[in-house]
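Everything on this sheet refers to the single structure shown next.
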Amino acid sequence: MLMAHPAVLKNLIAQYETLRALHAEEGTEDVRQRMNDVAYTLCVSTGTRNVDTALVAARYQLPGARLEDDSVLTA
């Protein structure tokens, strides 16, 4: 499986978190659609099917992740 570059994953995580905060405040259709697009890209980039799992997987692939602790991914 191809793996996304950590810089790309870090950027996607930051975008998603920013959009999620904006959606909570404004709730506009544009923000929701962009958030869905970023969530989809995160899922594709991490080989997952939902955004929560994608966020965990993306963070796990970032430098400094605790490589010995994969308990979240095996549940």
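Per 0.36 nm of contour for each residue apart, how much would the distance between Arg20 and Leu2 grow if the chain were fully extended, relative to their Cα-Cα spacing?
Details: separation 18, 0.36 × 18 = 6.48 nm, distance 2.69 nm.
This chain segment gains 3.8 nm when fully extended.
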Would you mind computing, in nm to one decimal, how far apart the modelled labels at Arg32 and Lys10 are, each placed 7 Å from Cα along Cα→Cβ?
3.3
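Computed from the coordinates by the stated procedures, all read-outs in this text should not be read as laboratory data. On a predicted model such as this, the values are computed, not experimentally measured, just so you know. In this analysis, Cβ positions are derived from the backbone assuming ideal geometry, glycine residues included, and neighbour counts consider all displayed protein chains.
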